[in-house]
Amino acid sequence: MTSLFSEVTPEAANEVAVKRITVGINGNKRTVDVEPRLLLAHLIRQGFKLTGTHTGCDTTNCGACTVLFDGVPAKSCTVLAVQANGHEVTTVEGLASASELHPVQEGFKDEHGLQCGFCTPGMMLTAKALLDENPDPTEDEVRWALSGNLCRCTGYQNIVKAVLGAAAKLREQNGAS
Amino acid sequence: MTIDEIKIGGLGASRRRVEDNRFIRGAGNYVDDIVLPGMLHMEIVRSPLAHARIKSIDVTAAWAIPGVRLVLTGEMMAARNLAWMPTLSYDTQAVLATDKVRFQGQEVAAVIADDPYIAKDACEAIIVDYEPLPAIVNPTQAMAAGAPVIRDDKENQPDNVIFDWDVGDKDGTDRAFAAADVVSELELHYPRSHPSPIETCGSIADFDRSTSKLTVYMTTQAPHIIRAAVALVAELPEHMIRIVSPDLGGGFGNKVPVYPGYVVSILASILLERPVKWIEDKTGNLISTGFGRDVYLKGQLALRKDGKILGVRMQTESDHGAFFSDAQPSKFKIGLMHSAFACYDVPTAHLTSRGFYTNKAPGGVAYRCSFRVTEAMFFQERMVQAAADDLGIDQAEIRRLNFVRDDDFPHRTPFGFLTDSGQYGKCLEMGLEAIGYEDFLKQKEEAKKNGRLLGIGISTMTEPLGAGNSREYDILGIKMFDSAELRVHMTGKAILRTGAKSQGQGHETTWAQIVAHELGIPAEDIVVEEGDTDTAPFGMGTYASRSTPVAGAAVSMVSRKIRAKARKIAAHLLEVSEEDVEWELGRFFVRSAPDLGVTIQECANAAYSNIPDGMEPGLENNAYYDPPNLTWPFACYIATVEIDPLTGVWDVLNMVAVDDCGVRINPMIVEGQIMGGLTEAYAMASMQFITFDSEGNCVGSNYMDYLLPTAWETPGFELHEVVTPCPHHPIGAKGIGECATVGGPAAFVNAVMDALQGAGVRNIDMPLLPDRVYEGLTEGRDVSGAPPIRTDA
Amino acid sequence: MYPSRFSYEAPDTVEEAIELLRRGQGEAKVLAGGQSLLPMMKLRFASPGTLIDINNIPGLDYHRADSDGTYRIGALCRHAQLEKSPDLAASQPTMAAAAHTVADPIVRNRGTLVGSICHADPQGDWASVMISLGASVVAKGPTGVRSVAVADFVSGPFQTVLASDELAVEAVVPAPVGVRAGGYLKLERRVGDFATAGVAVSVEFSGSSVARAGIGLTGVGSSTINAAEAAAALVGGSLSETDIAAAAELAAAASRPRSDHRGSESYKRHIVATFVSRILTSLQLSTQEVA
């Protein structure tokens, strides 16, 4: 049994010091014991089995592991799991509601904003946070906001279209409601 | 009632991608997402030195760490005859080093532990004692007298030369040069570049003792080749090996070769009888896995005064790293380098090519390129521009003058390839109009008066795609065909499997469109599967833009086989003879009574419920497609740039692409491929930089130094199309995946060189980093990017 | 990708943090944004015995001006707070010009200005900005508080004069002696890249004459460079072309770049001169417009 994470059990007394944390993950509170060195990305992927959050590089450059940390994009490979104690984390799995996709998700599909799909979850979460803050961004603002997420397949043009399209749809939805 | 092909998602429909439904939900299934019961984790110890003798390896401390299950070294691999493995180019490669390390990052030991953190701790605890040796980082050093022999493990290898090869007509070319008005010369280095998919390589080996079956989940673009290779290397029976390539986070050629990590994870699983997962880190990926390019050119064009090319001479020297592991299937030592000048009507040409071992990572062909055509087309287009400059003629005009004419196909290229079809002039004119060529030239002259440096660069090329045909292309003797298997169920729904393997190209979407085109079954009624060798038909995988030319053709052909059987069933159902049955999309009808017909779905139903006497039941088949020739798409890329003369920083003003890839299955996906390829072209031209210092240390070993473009600086692209069907492909398609990566770089470089016209510089090696551009501009001489890099002592 | 083991503490007060640092006896590192430290730990270039996470300490995430114009940036103020601050450009033009050049937008959401200065990467952007502004770092230790000019705070590559039991709690930019103008230019191979060379310039005008000037240089030495002589050449003048040329030349002379894969020594010096000149020329133009 690995000591990096474990759901809390009576025999949790291990030689390696662990910390008990409670993390809100896509709206659910989870309590786990983690080794301090466990990265948030690994807690999400291996502990919570939410594998939509990907890890792509070692140096905090690629952004494939981007999640929303209290609503703000963060590279989850560069946050310790213990630091998420008492915080809310949103992953790609939390983007859609039970019945429908988020407009950003629809936009990525409609505009062919993805190819291999590896960067897509991080890219979409960054886009969502941008639109939460700025519902009507310019193309330059979208490109700037996405400049911490690398995509190797698309050349970004369709990603930018997807985000602008999602922005328009969200404005329409919010205007209508 | 005729079926609207676009509505059923047939040929030409920009159908939204099926695979996106899981990717946008984070429900993709990449190798690292797979968790098996009892799974262990492997990490690799890599050499910090580029060239050194291993004196000793002490693994005692690693074994002492709680949670460590196995520590493997080269010695232990050797005891099982697995310290070395064959490469795809008939060389050998070390799995774990035994005698020497031959490049920085080479695999030296591996640890298998309960979790990857512990495995990494144990890797850090392994002590390797090295005796450093001088490192070789370029061909000049490799061929120098007294150079250390890198491959002293090999018999009959007294030096660092891998091959010395030539092709073309030497005497005829000599005569052309003797008769030339002008000889234009250019020397340059196409730098090493890494494909760098965002997902690194990895595997999970799972050996089941009770069944003796080995299942390997693996990041591979070519699962069946891997199965054959594993059978050879691990001496396991092929039917007891199952390779599963799940969703791939990009490939670009990086995931074709067999890497030591795969082999070690397999042995570890066999020894431990537990699943073993290995996920490479980014540094490991960048410093040890298949790269692209690293070729030096001395090029000469024999020219008539008006710009007509009379002959071509190319001398290349290629740096293959420590092991000759080019993943390329041609019988030619330097791949398809001699596809150069295929779009120009050149009477004679000669190419010499020498390959060398160096103390750098092995590889050499991978990276969104059909086996050296990226270098070939870059060299070609840089030489053509230099010739235009030397002659003082317009860079569009020199191309017009030399293009193969539309009525001159099939055309024999100067090196002997046979190109299929094309409308080169039309593509060029379309590109020139889109970019506003004449206006830009005026604008450029105006700007120059104000000290501003504007430039325009053209790159036009046709490249060979779709290896093979089986006469000329094979991998370890396995012929380069591809395959498809189609099962039409009784309700008219279907499952299609192919021997290809998508890494983002969207096969699940486009293959169904080909079936829809051939059979009239709506694309949404067809599920596509690839990547599992237990279920997919044997195929050679996806790289070299070969999926559409080869596997896509197989999809057409298997659909036609199904249609042929369905026709017999239709005749039975319509109670007429087969000769009286006509086909329109999705339906057979009686020629003399067109209202009397049966749909393909009704035929499918009958195949299981109402079989003609004597007919075998069912509606399933497969097809193996051996292409008669390569396909030859054409592209014209034009970029305009502005250089800041005080810093050397340059920006792309506009970029226009005209692609003729034959018939387009899904225009949306084709355009996605082009934009992605242009971005990688821009990346190579501007920033992607992996190089070495004089000790063989890799510079560019992580994403802080190996820069991929972001959304911010990636230019916008304007795309145009011309369609010249491929005459020998069942649906006229030619393939598109790599055109823009192949043809794109020269457009950017030619544009920057055009802006520098008059400064006295003829060439700056890629990437055109600001300091190099500034140096070229201010010092008026060529700027080499060849390793070793210049550093302060 | 996998850091080595360490013990983890998350104090609620500055005092507690200092006590933990003292007990760490030099083996403890402070974790604020973590956007430089954690990558180094993942690559195992750094393996601290203890991490003291200060993110739970309330009241350190501020950036604000005192009534006299002194500007204070708390230890937990993120780059993004500065980048998105609407009034920063008016009072702190050099900082505003630099804020969006630090790393990438997501890193800026967590990384901190004070942490960046303490990390003392010669290629870090904030230290040269702070040097140009004559700013200080306020360090608290078991025996009290001290203020160290950033120019003296950074003592070498990845080294500062911070004692092992001291916590940097804020950066302080002194109030301008007149009207503050300035800029930051960074040559990068791509957005988000470390600087090939970066130049921070701050000028304070009294009327049309320069009352104070500061120039900090990024990435052109083994630590951030205070081009004090170059700045001094501007004081008392009114950014004449001669003054600008002199400052550019002196700044280039003050830089100590190495030739590497980002460019040659002479190229980097040239960039320093070019950027000093560009920033000052733009200030000259903008002051002319005002006048």
Please specify each residue of the stretch B:371-394 satisfying the condition of being over 25 Å from the mean Cα position of the chain (by Cα) and either over 20 Å from B:Asp782 (Cα atoms) or free of Cβ contacts under 8 Å to residues at least 24 places away in the same chain (or both).
B:Gly392, B:Ile393, B:Asp394
Would it be correct to say that A:Asn158 is surrounded by 19 or more Cβ atoms within 10 Å (Cβ to Cβ), assigned to a helix (DSSP H, G or I) and over 14 Å from the mean Cα position of the chain (by Cα)?
yes
Does B:Gln513 satisfy being surrounded by 23 or more Cβ atoms within 10 Å (Cβ to Cβ) and in a loop (DSSP other than H, G, I, E, B)?
no
Top-ranked residue of the stretch A:36-56 - restricted to ones that are in contact (Cβ under 8 Å) with a residue 40 or more places away in the chain and within 8 Å of chain B (Cβ to nearest Cβ), ranked as nearest to B:Gly202 (Cα to Cα):
A:Gly56
Reported set for the stretch B:347-366 where residues are assigned to a loop (DSSP other than H, G, I, E, B) and surrounded by 24 or more Cβ atoms within 10 Å (Cβ to Cβ) is B:Tyr357, B:Thr358, B:Asn359, B:Lys360, B:Ala361, B:Pro362, B:Gly363, B:Val365, B:Ala366
Mind telling me which of the residues B:Gly416, B:Gly425 ends up being touching a residue at least 40 places away in the same chain (Cβ under 8 Å) and assigned by TED's automatic domain parsing to the domain that holds B:Val652?
B:Gly416
Quickly run through the stretch C:13-33 and pick out the residues that are more than 13 Å from C:Pro48 (Cβ to Cβ) and crowded, with 20+ Cβ neighbours inside 10 Å.
C:Ala17, C:Ile18, C:Ala32, C:Gly33
Looking only at residues that are within 22 Å of B:Arg151 (Cβ to Cβ) and among the small types (Gly, Ala, Ser) in the stretch B:24-74, which one is farthest from the other protein chains (Cβ to nearest Cβ)?
B:Gly74
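Here is a yes/no grid of residues against (1) under 30 Å from C:Thr274 (Cβ atoms); (2) under 23 Å from the mean Cα position of the chain (by Cα); (3) of a type outside the set (Ser, Thr, Tyr):
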position	(1), (2), (3)
B:Asn610	no, no, yes
B:Gly614	no, no, yes
B:Thr647	yes, no, no
B:Trp650	yes, no, yes
Elements of type helices (runs of 4 or more DSSP H) contained in the stretch A:68-151, each with 3 or more residues being touching a residue at least 40 places away in the same chain (Cβ under 8 Å) and of a type outside the set (Asp, Glu)
A:103-110, A:120-133
So which strands (runs of 3 or more DSSP E) are wholly in the stretch B:199-300 and hold at least 1 residues that are in contact with a His (Cβ under 8 Å, 6 or more places away or on another chain)?
B:241-244, B:276-279
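Conditions (1) in contact (Cβ under 8 Å) with a residue 60 or more places away in the chain; (2) among the β-branched types (Val, Ile, Thr); (3) touching a helix residue (DSSP H, G or I) at 6+ places or on another chain (Cβ under 8 Å); (4) not in a helix (DSSP H, G or I), marked per residue:
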position	(1), (2), (3), (4)
B:Glu429	no, no, no, no
B:Glu433	no, no, no, no
B:Gly455	yes, no, yes, yes
B:Glu485	yes, no, yes, yes
B:Met490	yes, no, yes, yes
B:Ala500	no, no, yes, yes
From the list B:Ala145, B:Ala110, B:Ala135, pick out the single residue that is of a type in the set (A, V, I, L, M, F, W, C) and surrounded by fewer than 24 Cβ atoms within 10 Å (Cβ to Cβ).
B:Ala145
Is it the case that the stretch B:716-730 has a residue that's without any contact (Cβ under 8 Å) to a residue 12 or more places away in the chain and within 9 Å of chain A (Cβ to nearest Cβ)?
no
Single unsatisfied condition, B:Phe341 versus (1) buried (at least 24 other Cβ atoms within 10 Å of the Cβ); (2) over 23 Å from the mean Cα position of the chain (by Cα); (3) not in a strand (DSSP E or B)
(2)
Here is a check on your reading of the model: is B:Cys698 crowded, with 22+ Cβ neighbours inside 10 Å, under 30 Å from B:Ala523 (Cα atoms) and among the hydrophobic types (A, V, I, L, M, F, W, C)?
no
I'd like to verify a number: residues in the stretch A:16-34 that are within 7 Å of another protein chain (Cβ to nearest Cβ), in contact (Cβ under 8 Å) with a residue 40 or more places away in the chain and in a loop (DSSP other than H, G, I, E, B), how many?
0
What helices (runs of 4 or more DSSP H), lying completely within the stretch C:51-114, carry at least 1 residues that are more than 14 Å from chain A (Cβ to nearest Cβ)?
C:79-83, C:88-91, C:93-99
Within the stretch B:744-793, take every residue that is surrounded by fewer than 22 Cβ atoms within 10 Å (Cβ to Cβ) and among the hydroxyl-bearing types (Ser, Thr, Tyr) and give me the one that is nearest to C:Arg256 (Cα to Cα).
B:Thr791
Looking only at residues that are away from chain A (no Cβ under 13 Å) and in a loop (DSSP other than H, G, I, E, B) in the stretch C:19-50, which one is farthest from the chain's Cα centre (by Cα)?
C:Gln25
Test for B:Val71: is it part of a strand (DSSP E or B), surrounded by 22 or more Cβ atoms within 10 Å (Cβ to Cβ) and in contact with a Ser or Thr (Cβ under 7 Å, 6 or more places away or on another chain)
no
Whether any residue in the stretch B:775-784 is within 21 Å of B:Thr679 (Cα to Cα) and aliphatic (A, V, I, L, M) is what I want to check.
no
Determine whether the stretch B:171-188 contains at least one residue that is more than 20 Å from B:His41 (Cα to Cα), touching a strand residue (DSSP E or B) at 6+ places or on another chain (Cβ under 6 Å) and within 14 Å of chain A (Cβ to nearest Cβ).
no
Count of residues meeting criterion [in contact with a Ser or Thr (Cβ under 6 Å, 6 or more places away or on another chain), crowded, with 16+ Cβ neighbours inside 10 Å and part of a loop (DSSP other than H, G, I, E, B)] in the stretch C:222-247:
1
Can you tell me which of B:Thr741, B:Thr714 is among the β-branched types (Val, Ile, Thr) and under 30 Å from B:Gly105 (Cα atoms)?
B:Thr741
Test set (1) in contact with a strand residue (DSSP E or B) (Cβ under 7 Å, 6 or more places away or on another chain); (2) of a type outside the set (Val, Ile, Thr); (3) surrounded by 24 or more Cβ atoms within 10 Å (Cβ to Cβ) - B:Glu463 fails condition number:
(1)
So, in the stretch B:93-139, exactly how many residues are away from chain A (no Cβ under 14 Å) and free of Cβ contacts under 8 Å to residues at least 12 places away in the same chain?
0
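The values are calculated or read from the model by the stated rules, or taken from the named source; none is laboratory data. Only a predicted model underlies this, so the values are computations on that prediction, with no experimental measurement involved. Glycine also receives a Cβ, built like all others from the backbone with ideal geometry; neighbour counts cover every protein chain displayed.
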